[in-house]
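Student: Following this message is one structure expressed as structure tokens.
The values are calculated or read from the model by the stated rules, or taken from the named source; none is laboratory data. All values derive from a computational prediction rather than experimental measurement. All Cβ positions, even for glycine, are placed from backbone atoms using ideal geometry, and neighbour counts span all protein chains on display. Ligands, DNA and RNA are excluded from the accessible area calculation, which covers all protein heavy atoms including side chains. Shrake-Rupley method; radii C 1.70, N 1.55, O 1.52, S 1.80 Å.
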Amino acid sequence: MSTTAMQCKDCKAKLVRGCFGLTKLSAVDCAKCQKTLCLNCAEDQTLIPLDKNEEPLPLKKSSIKSYCMPCFKQVSILDYSKSYDIIEPSTSSVDPDKPNITLLWVHASGGSRAMFRPHASTLAQKGYRSILMDLPGHGTLVETTLTLNSCVETVKQILDQECSSHKPSQIIYIGGSLGAYVGFYILGELKTRFGGAILMDCGQNVGPDCSLKARAGVWFLRKLSGSMSNKTMMGVVMGAVEKKADYHTIECCFSGGMFFQQGPAQCDCMHTVAPSNIIPTLDVPILFFNGTGDYRDSENKWLALCKDKRSSLKVYEGGDHFFCHDLRFVDDMLHRMDTFVQMAGL
């Protein structure tokens, strides 16, 4: 059988085309330009193109497409010329008698700054300015090493550049899952920069002093995220959110791509943070959100440790780890955020 040597468009790995086509060691064509990719590139550079004319649910794994890196950046809803977005408040909603408050939104594991874009857009109608950032190892910063300290430095750079004229009380940290767990650490390191925090999906202690059950869960998640491609992990997430997360799900979770290249580092960050040591040092109110279907062995402990007694906890009955993208809860959640931010920003 004669063969012709080919190369992956992105990594230049050699592919072999025989008389019956590419071998199983080769890959697929880019969904946009049709150039050939090796399996590694094809499996990691995947997303669901956002088409606002399509019915968003039910989610279909067949909608996940593979792209070469140039096409991936073109099709992704993320602007690769920057690593964070700013959503300004609508002009009609600005109240000159209220303080100018900026919300810093930090996404979950494998996600990007697209995760909370619809939420921030809704709160812009209430007069809030929002900054949505990519964590290191995610989105446009996927090549940046993810550590707790790199997260702190990334946040600090954004605050120095975009919020230098703000008082601390005018900046509220909002994080979900990974964004909440690293948020404890960020708040502890940048104590003078925030006036409050909203932390979601962090009711389970997964830190160094966690239970044996939680430790086993972290170990399993670390192995899972370290051995599966972004496409496979996207399918896993799709199965978990199906019929539960119906609030801009494709836009928030899939159209920017998913980024588990540093999956083990994501787990290491969460497992390193000890909220019980950090929370008592914080002089700001914290609003916690969880769902009853999520793991949450420490939510009441976290609340009790808060120094600022304006802190509170809301648990949504029937909600799970994706409750913040569940239409049953979004309106109430955003209303509670609005009320909390006004209180914290005084």
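Student: Sort through N40, N53 and tell me the only one that's in a helix (DSSP H, G or I), open to solvent by 70 Å² or more (accessible area, probe 1.4 Å) and either at pLDDT below 95 or over 19 Å from V142 (Cα atoms) (or both).
Tutor: Criteria check complete, one pass: N40.
Residue by residue, here is whether (1) assigned to a loop (DSSP other than H, G, I, E, B); (2) closer than 20 Å to V284 by Cα; (3) under 19 Å from the mean Cα position of the chain (by Cα) holds:
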position	(1), (2), (3)
K126	yes, no, no
P136	yes, no, yes
T144	yes, no, yes
K156	no, yes, yes
H166	yes, yes, no
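Student: Also, quick follow-up: Output the number of the condition that Q262 fails; it satisfies all remaining conditions of (1) open to solvent by less than 10 Å² (accessible area, probe 1.4 Å); (2) modelled with pLDDT of 95 or more; (3) more than 16 Å from M200 (Cβ to Cβ).
Tutor: (1)
Student: Which condition breaks for H271 when tested against (1) in a helix (DSSP H, G or I); (2) open to solvent by 20 Å² or more (accessible area, probe 1.4 Å); (3) touching a Leu at 6+ places or on another chain (Cβ under 9 Å)?
Tutor: The one condition H271 does not meet is (3).
Student: Just checking, does the range 277-286 include any residue being farther than 16 Å from D134 by Cα, of a type in the set (D, E) and either out of contact with any Phe, Trp or Tyr (no Cβ under 6 Å at 6 or more places or on another chain) or not in a loop (DSSP other than H, G, I, E, B) (or both)?
Tutor: yes
Student: Separate question: Yes or no: S276 more than 18 Å from G176 (Cβ to Cβ), touching a Leu at 6+ places or on another chain (Cβ under 8 Å) and open to solvent by 10 Å² or more (accessible area, probe 1.4 Å)?
Tutor: In short, yes.
Student: Go through the residues of the range 194-215 one by one and say whether even a single one is in contact with a strand residue (DSSP E or B) (Cβ under 9 Å, 6 or more places away or on another chain) and among the aromatic types (F, W, Y).
Tutor: Yes; the residues of the range 194-215 include at least one that is in contact with a strand residue (DSSP E or B) (Cβ under 9 Å, 6 or more places away or on another chain) and among the aromatic types (F, W, Y).
Student: Out of (1) touching a helix residue (DSSP H, G or I) at 6+ places or on another chain (Cβ under 7 Å); (2) open to solvent by less than 60 Å² (accessible area, probe 1.4 Å); (3) at pLDDT below 95, the odd one out for K126 is which?
Tutor: (2)
Student: Can I ask one more? So, T122, is that one of a type outside the set (F, W, Y), within 16 Å of I198 (Cβ to Cβ) and part of a helix (DSSP H, G or I) or not?
Tutor: yes
Student: Another question, if that's okay. Consider only pairs whose beta carbons are under 9 Å apart and that are at least six residues apart or on different chains; among these, list those whose first residue lies in the range 325-346 and is at positive phi and touching a residue at least 40 places away in the same chain (Cβ under 8 Å) and whose second residue is part of a helix (DSSP H, G or I) and open to solvent by 60 Å² or more (accessible area, probe 1.4 Å).
Tutor: Partner pairs satisfying both residue conditions: none exist.
Student: Shifting gears a bit: On the basis of being open to solvent by 50 Å² or more (accessible area, probe 1.4 Å) and in a loop (DSSP other than H, G, I, E, B), does S81 make the cut?
Tutor: It is true that S81 is open to solvent by 50 Å² or more (accessible area, probe 1.4 Å) and in a loop (DSSP other than H, G, I, E, B).
Student: Would you say M270 is touching a Phe, Trp or Tyr at 6+ places or on another chain (Cβ under 6 Å) and of a type in the set (A, V, I, L, M)?
Tutor: It is true that M270 is touching a Phe, Trp or Tyr at 6+ places or on another chain (Cβ under 6 Å) and of a type in the set (A, V, I, L, M).
Student: Can you pull out the helices (runs of 4 or more DSSP H) entirely within the range 177-256 that have at least 3 residues that are on the phi < 0 side of the Ramachandran plot, open to solvent by 30 Å² or more (accessible area, probe 1.4 Å) and modelled with pLDDT of 95 or more?
Tutor: Filter on the range 177-256 gives 212-227.
Student: Among the listed residues V330, V284, which satisfies the condition of being of a type in the set (V, I, T) and either touching a Leu at 6+ places or on another chain (Cβ under 6 Å) or open to solvent by 10 Å² or more (accessible area, probe 1.4 Å) (or both)?
Tutor: Only one candidate qualifies: V284.
Student: Here's another thing I want to ask about it. So if I check each of E88, E143, which one is of a type outside the set (G, A, S), open to solvent by 50 Å² or more (accessible area, probe 1.4 Å) and under 18 Å from S225 (Cβ atoms)?
Tutor: Exactly one of E88, E143 is of a type outside the set (G, A, S), open to solvent by 50 Å² or more (accessible area, probe 1.4 Å) and under 18 Å from S225 (Cβ atoms), namely E143.
A quick yes/no check of all residues on (1) within 20 Å of T249 (Cβ to Cβ); (2) in contact with a Pro (Cβ under 7 Å, 6 or more places away or on another chain); (3) part of a helix (DSSP H, G or I); (4) acidic (D, E):
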site: N300; (1), (2), (3), (4): no, no, yes, no
site: V315; (1), (2), (3), (4): no, no, no, no
site: G318; (1), (2), (3), (4): yes, no, no, no
site: L334; (1), (2), (3), (4): yes, no, yes, no
site: M337; (1), (2), (3), (4): yes, no, yes, no
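Student: Just the residues that are aromatic (F, W, Y) and under 19 Å from the mean Cα position of the chain (by Cα), please, taken from the range 261-302.
Tutor: Answer for the range 261-302, where residues must be aromatic (F, W, Y) and under 19 Å from the mean Cα position of the chain (by Cα): F288, F289, Y295.
Student: Between a first residue in the range 129-141 that is touching a residue at least 60 places away in the same chain (Cβ under 8 Å) and a second residue that is of a type in the set (D, E, K, R) and surrounded by fewer than 24 Cβ atoms within 10 Å (Cβ to Cβ), which pairs have beta carbons less than 8 Å apart while being 6 or more apart in sequence or on different chains?
Tutor: T140/D79; T140/K82
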